[in-house]
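Q: I'd like to ask you about the structure that follows.
The values are calculated or read from the model by the stated rules, or taken from the named source; none is laboratory data. Remember, predicted model here, so these are calculated numbers, not experimental data. So basically every Cβ, Gly included, is an ideal-geometry build from the backbone, and we count neighbours across all protein chains shown.
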Amino acid sequence: MRVLVASDRIGSLSSADAGQAIALGWRETAPDAQLAVVPIGEAGEGLDQAVADLLGAEVTLLPGDPDGSAVASCVRAGGVLLVAVADATADPGGWDPSASSLAVGRALADALDADRTPPDRIVLDLSRSAAHDGGAGILAGLGATADRPLDHGAAGLSGIGHLDLGPVRERLGATVVDLAVPADETGRHLLGLRGITSLRGRDADVDAATMLATDAALESFAAALTRAGGDEAAAAAPGAGAGGVAYGLAALGARVRTGGDLVAELARLPQTLRAADLIVTGCTTFDFARRGGGVIAAVADWGAESMTPVVLLAGTVLIGAREMRTLGIEAAHAVHPSPLAAQPDVTPGQLTALSARIARSWAH
């Protein structure tokens, strides 16, 4: 039997550690099984560690933002450069038109400058962005200049006319750029009623006049970027509003992707999926509210596309059999059967033991 193990983090176990524990238990019951373990993570939720484990690299810290508010990490291996930045002073997805994505651009610039050989692919994790400046700050961090400040958030972009992207194009060259975002952000728009300003403003109960002014400033930025050679259609494309900051690089050709899509491509999974008889995945809590998160959704899609059954192992399962099958999960099994809200952590031994028990029903 050929089994693909692609688990999210489970408790304090990384994706790779959880996958190895599952594989160990499976081999105890079915020693002849062919197992492939692929680390996987969602943007902002273990993607950097999963990519590092997949490529045999380490997650390292980059020099922080000068004011100490942002923490940046990166992974370098196999021609891939992944950069993730978390702003510790602001609430991602909140309303702050003065918040800038400058720290993201600076971190990417620092990472690029530290390498003698340009990467073949850049992965920029935008899931922890606290800005919604359309990525103007990112472009500024990469060297872009304009006749309005690019690092004062959306509020500073009103009336922008001239934008020079030359330094950005020089830095990025022909490198493929992927913008990693959670799955529910891939359809997020930049402007209008479905745009990032409207959504965040309504959630924060911001008055209509302020939202309209902010949206108009972003529209001015989009027009300036188009005049500077950016893709005219990018501002209206789904995903332009992802993280509040995806548009700037998307207009220069960057792709908005989920963590699952990126890992599948990096691991060359299509061939493995075609050969697999079963996919085993996992998460900390499998309930109807989060449905296991973006990793489980990605794995379920893989199973549906390849017509391969998907089995899930979790710390706790709080969803019925009928509901889980509508989500593409054949069966789900819990380490901790009690439905209590607070559960103890999952150890490798517990996960291995659960996997060994489940394998018995699939080994013959």
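Q: Within the stretch 173-198, can you find the residues that are in contact with a helix residue (DSSP H, G or I) (Cβ under 8 Å, 6 or more places away or on another chain) and among the aliphatic types (A, V, I, L, M)?
A: Scanning the stretch 173-198 gives V177, L179, A180, V181, A183, L190, L191, I196.
Q: Moving on. What are the residues in the stretch 214-252 that are within 18 Å of the chain's Cα centre (by Cα) and assigned to a loop (DSSP other than H, G, I, E, B), if any?
A: P238, G239, A240, G241, V245, A246
Q: Separate question: Can you tell me which residue is surrounded by the fewest Cβ atoms within 10 Å (Cβ to Cβ) among those in the stretch 7-55 that are among the hydroxyl-bearing types (S, T, Y) and touching a strand residue (DSSP E or B) at 6+ places or on another chain (Cβ under 8 Å)?
A: Per the stated criteria, the residue is S14.
Q: In this structure, is V59 buried (at least 24 other Cβ atoms within 10 Å of the Cβ) and under 28 Å from I122 (Cβ atoms)? Don't jump to the end; show me each part of the working.
A: Details: buried (at least 24 other Cβ atoms within 10 Å of the Cβ): no; under 28 Å from I122 (Cβ atoms): yes.
No; evaluated as a whole, the condition is false for this residue.
Q: What helices (runs of 4 or more DSSP H) lie completely within the stretch 92-197 and have 2 or more residues being surrounded by fewer than 20 Cβ atoms within 10 Å (Cβ to Cβ), without any contact (Cβ under 8 Å) to a residue 40 or more places away in the chain and assigned by TED's automatic domain parsing to the domain that holds G241?
A: Once the helices (runs of 4 or more DSSP H) in the stretch 92-197 are filtered for at least 2 residues that are surrounded by fewer than 20 Cβ atoms within 10 Å (Cβ to Cβ), without any contact (Cβ under 8 Å) to a residue 40 or more places away in the chain and assigned by TED's automatic domain parsing to the domain that holds G241, what remains is 166-172.
Q: Starting from residues that are within 29 Å of the chain's Cα centre (by Cα) and β-branched (V, I, T), keep the ones in the stretch 347-362 and report whichever is farthest from V310 (Cα to Cα).
A: Applying the filter and picking the extreme gives T347.
Q: Would you check if there is a residue in the stretch 1-8 being under 20 Å from H336 (Cβ atoms) and not in a helix (DSSP H, G or I)?
A: Yes, the stretch 1-8 contains at least one residue that is under 20 Å from H336 (Cβ atoms) and not in a helix (DSSP H, G or I).
Q: Can you tell me which condition A297 does not meet? The list is (1) farther than 19 Å from G187 by Cβ; (2) of a type in the set (A, V, I, L, M); (3) outside the structural domain of L126 (by TED's automatic domain parsing); (4) surrounded by 15 or more Cβ atoms within 10 Å (Cβ to Cβ), and all the others hold.
A: (1)
Q: Considering only the stretch 9-39, state which residues are among the hydrophobic types (A, V, I, L, M, F, W, C) and not in a helix (DSSP H, G or I).
A: I10, L13, A30, A33, L35, A36, V37, V38
Q: Could you check how many residues of the stretch 243-274 are of a type outside the set (K, R) and over 25 Å from S7 (Cβ atoms)?
A: Qualifying residue count, the stretch 243-274: 12.
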